[in-house]
Structure formats: structure tokens, C-alpha cells
């Protein structure tokens with residue numbers, strides 16, 4: 001395995017080509033979030049500041065672009081989770097994960113849902129990554145509980161509940177960042193052990209493996 | 001104004017006719033929630049346990065039935081709010097309002113959203129009721145804050161934020177009552193003054209008058 005094959009993006013691309021590819025994917029995610037996945041390819045190229053020919057060289061079809069944009073999002077989520085686990089303060093790691101995933105939900109709006117609807121097989125391609133994420137999430141939760149920061153009766157499914165609810169909020173109110181941040185702050189507080197002063201009903205049967213597909217909507 | 005005109009349902013109906021009408025509306029809300037507002041009228045009649053002729057006598061058109069079912073829902077919300085205000089314990093009144101409205105959201109699922117989409121003028125008919133509800137909500141919030149039970153930095157828009165998020169949750173997971181109750185418990189705890197141990201970001205600009213139309217979705 002060469003060094004370059006471990007860098008995001010197909011190995012063998014020259015540095016400037018790789019940068020262009022990244023730029024196109026970031027632009028595609030923003031455009032798909034704002035206008036849907038049917039937005040013309042030319043709009044994506046314009047947003048990325050590259051020519052249409054360059055865009056098509058990297059992504060010969062819209063499907064290829066949409067799938068790669070979604071994969072990039074999955075990579076971002078995986079990186080966020082890895083960073084949370086690497087934080088020496090278990091609560092801060094947990095808190096940052098929630099805040100960062102919710103910030104992603106704000107930015108991506110309906111893109112993950114549109115992707116899931118248009119490419120029902122798409123999520124299956126990421127099964128292994130999701131199983132990995134689920135394990136890491138369990139570790140993150142148990143670590144924060146062992147440190148006495150996360151309430152002992154917090155259930156891993158609560159994270160999915162919070163993310164699905166937050167996703168519903170940003171879908172209904174896409175321009176209200178304050179609402180999103182307010183909800184996140186309330187939820188994080190209610191998850192802290194030092195605020196565990198009210199009994200909770202039984203946890204949901206919702207599987208925590210919905211992370212980071214909590215944006216799925218019927 | 002006669003006594004009967006203050007009873008829900010058109011005045012002048014005999015008691016059994018009024019009961020049939022109520023039963024049809026309750027069945028209609030359940031059926032519309034489960035199967036959408038295009039469900040055949042015969043299905044509603046069957047659920048209500050009345051003949052199709054009886055249903056059409058009360059509601060000559062589907063539009064009339066849908067509008068009346070929605071009005072009944074608004075009446076239920078108004079009654080819930082009145083009961084919350086009448087509770088001598090300000091926090092318990094506030095808590096019951098949140099729990100009852102969320103239980104309604106669970107039951108009604110997509111009905112209010114489908115109504116708003118099909119009858120864009122429908123909500124306008126209820127403007128006066130909504131203004132009234134907004135005033136009562138403000139009273140409920142201020143009263144719970146004055147009692148020292150609801151945190152002082154709780155903003156009335158937080159209630160709308162919570163209800164929109166909860167609505168997103170029950171829309172995405174219509175069969176997961178546990179998820180809904182878990183979220184409600186977490187949110188209520190985070191609203192309590194005695195758990196006010198983390199600073200909050202600025203409140204949303206979302207108007208609290210979205211109650212009880214927090215179920216609106218784009």
C-alpha cells in the first residue's frame with residue numbers, strides 16, 4: 001500500500017487534480033443540500049470554480065458525483081467520530097460529536113434523505129463503515145459514562161433519537177441555525193450526569209446503528 | 001346564545017346525532033393519520049362504526065370532513081392549553097401541556113402537515129384561535145418562570161423548537177412511542193430551573209405562534 005492510497009480520493013491523482021476533486025465534492029454537497037440532487041452539473045462546476053469538462057473528467061455521470069458526495073459525507077462523519085474518541089476528555093469528545101454531527105445535519109439538510117430515496121442500495125455499500133461507527137459510538141458512550149459525566153441511564157439509542165429529532169428540526173426550519181443550536185444545548189444538558197434529576201421512560205428500540213444515517217426520512 | 005351552541009359541534013343536533021358526528025371526526029383523524037387524507041370515506045365510516053349515509057349526512061364532501069377533523073384537533077389543543085393554565089401547579093401545567101401536545105403529535109402523525117398542504121387557506125381560518133393560544137402560552141411560560149420551576153432563560157420559542165423537533169421525530173419514526181417519550185422527558189428536564197447548569201446559545205427567532213401548528217412541515 002503506497003502513501004497516496006491512504007489519502008482520501010482515488011490514488012494516483014496528482015495533487016492539483018485531487019484538490020479539484022475535493023472542491024467539486026464539497027460544492028456538490030452544498031448545492032445538493034440547497035437545491036436537491038437534480039441540480040444541473042453546470043451549477044456544481046460553477047460553485048466549485050472549475051470548468052464543466054473538469055467536473056466530468058472526475059465524475060462522468062451524475063450518479064457517480066452523487067455517490068461520491070455521499071461517500072465524502074460518510075468519511076466526514078467517520079473522521080468526526082475518530083476525533084471524538086481521541087479526545088482525552090470523554091465528555092468533551094461526546095459533546096463535540098453531537099455538536100459536529102448536528103452542524104453537518106444543518107449544512108446537508110435534505111441531501112442524505114434525497115440520496116437514500118434515489119439510491120436505496122447506496123446505504124448498503126456502507127454497511128461495514130456503519131458497523132465500525134456503531135462500535136466506536138458504544139465506546140464513546142461507555143467512556144463518558146465511566147467518567148461520571150454522561151448519565152448512567154443514557155441509552156445509546158438516545159443519541160439516534162436526538163439526531164433524528166434534530167434532523168426533523170433542520171428539515172422543517174432549514175434557515176434557523178439558532179433553533180438547531182438551542183435544541184442541541186438543551187439535549188446535551190439533559191444528557192449530563194449532574195442534571196440527572198428526573199426519571200426517564202424506557203429507552204427506544206431504535207438501533208444506534210442509524211448513525212450517521214439519522215438523516216434518513218421516509 | 002343557547003346552551004347547546006356552546007357545545008362542540010353544530011347546535012341543534014340531537015344528542016345521538018352529535019355523538020355520531022364526534023365519533024366520525026375521531027375516526028377520521030385516526031384514519032387520516034395512518035393512511036393519509038385521501039383514504040376512502042367508506043374506510044372512515046367503517047372505523048367510526050356508522051353507515052356511509054350517516055357520514056355523508058354530517059359531511060357532504062371530503063373537504064368538509066377533513067376541515068372539520070382539523071378543527072376538532074385545534075379544539076383539542078385549545079382545551080389542552082386551557083387545562084394547563086387551570087393547573088394550580090405552574091410547572092405541572094407546563095409539563096402536561098408539552099406531554100399532551102407531543103402525545104397528539106404521535107397520534108396525528110402526518111395529518112396536520114397533509115392538511116396544511118391540501119388546504120393552504122385552512123390555517124388562516126384559525127388565526128384568531130392561534131393568537132389566543134399564543135397569549136395563553138406566554139402566560140403559562142411566565143407563570144412557571146415566576147414560580148422558579150422553569151429556567152429563567154427559557155424563551156417561548158424554545159417550546160416551538162421542541163415541538164417541531166418532536167414532530168420530526170414522530171414523522172420519521174411513527175411507531176416508536178418510546179423514542180418520543182424519551183425525547184420529551186429529556187427536553188422537560190433540560191427546561192427545569194434546577195438543571196440550569198449549562199449556558200445556552202441565543203434563542204431562535206422562530207415565533208411561538210407556531211403552536212399548535214408545529215406539525216407543519218414543508
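How many residues are at the interface with another protein chain (Cβ under 7 Å from one of its Cβ atoms) and modelled with pLDDT of 50 or more when one looks only at region A:193-218?
If we filter region A:193-218 for residues that are at the interface with another protein chain (Cβ under 7 Å from one of its Cβ atoms), which is where we start, we get A:194-195, A:197-198, A:200-206, A:217-218.
Still in the running and modelled with pLDDT of 50 or more: A:194-195.
Total satisfying the criteria: 2.
In this structure, does residue A:112 turn out to be in the same structural domain as residue A:162 (by TED's automatic domain parsing), farther than 22 Å from residue A:169 by Cβ, buried (at least 19 other Cβ atoms within 10 Å of the Cβ) and in contact (Cβ under 8 Å) with a residue 24 or more places away in the chain? Break it down stepwise before answering.
Working: in the same structural domain as residue A:162 (by TED's automatic domain parsing): yes; farther than 22 Å from residue A:169 by Cβ: no; buried (at least 19 other Cβ atoms within 10 Å of the Cβ): yes; in contact (Cβ under 8 Å) with a residue 24 or more places away in the chain: yes.
So residue A:112 fails the test.
Being more than 7 Å from every other protein chain (Cβ to nearest Cβ) and within 16 Å of residue B:100 (Cβ to Cβ) is the filter here; which residues of region B:163-183 pass it?
Looking only at region B:163-183, we keep the residues that are more than 7 Å from every other protein chain (Cβ to nearest Cβ), and these are B:163, B:170, B:174-175, B:177, B:180.
Within region B:163-183, B:163, B:170, B:177, B:180 meet the criteria.
Out of the residues in region B:137-154 meeting the condition of being in a loop (DSSP other than H, G, I, E, B) and either crowded, with 24+ Cβ neighbours inside 10 Å or touching a helix residue (DSSP H, G or I) at 6+ places or on another chain (Cβ under 8 Å) (or both), tell me which one is farthest from the other protein chains (Cβ to nearest Cβ). Don't jump to the end; show me each part of the working.
Within region B:137-154, the subset in a loop (DSSP other than H, G, I, E, B) is B:147-149, B:151-154.
Then keep just the ones that are either crowded, with 24+ Cβ neighbours inside 10 Å or touching a helix residue (DSSP H, G or I) at 6+ places or on another chain (Cβ under 8 Å) (or both); that gives B:147-149, B:151-152, B:154.
Details: B:147: 17, B:148: 15, B:149: 12, B:151: 10, B:152: 15, B:154: 9 Å.
Out of the qualifying residues, it is B:147.
Out of A:118, A:86, report the one residue that is farther than 27 Å from residue A:43 by Cβ and not assigned by TED's automatic domain parsing to the domain that holds residue A:45. Quick ask: steps written out before the conclusion?
Values: A:118 fails: farther than 27 Å from residue A:43 by Cβ.
Sole residue among the options that is farther than 27 Å from residue A:43 by Cβ and not assigned by TED's automatic domain parsing to the domain that holds residue A:45: A:86.
The values are calculated or read from the model by the stated rules, or taken from the named source; none is laboratory data. Values in this document were obtained by computation on a predicted structure and should not be read as measured data. Heads up, the Cβs are rebuilt from the backbone with ideal geometry, glycines too, and the neighbour counts pull from every protein chain shown.
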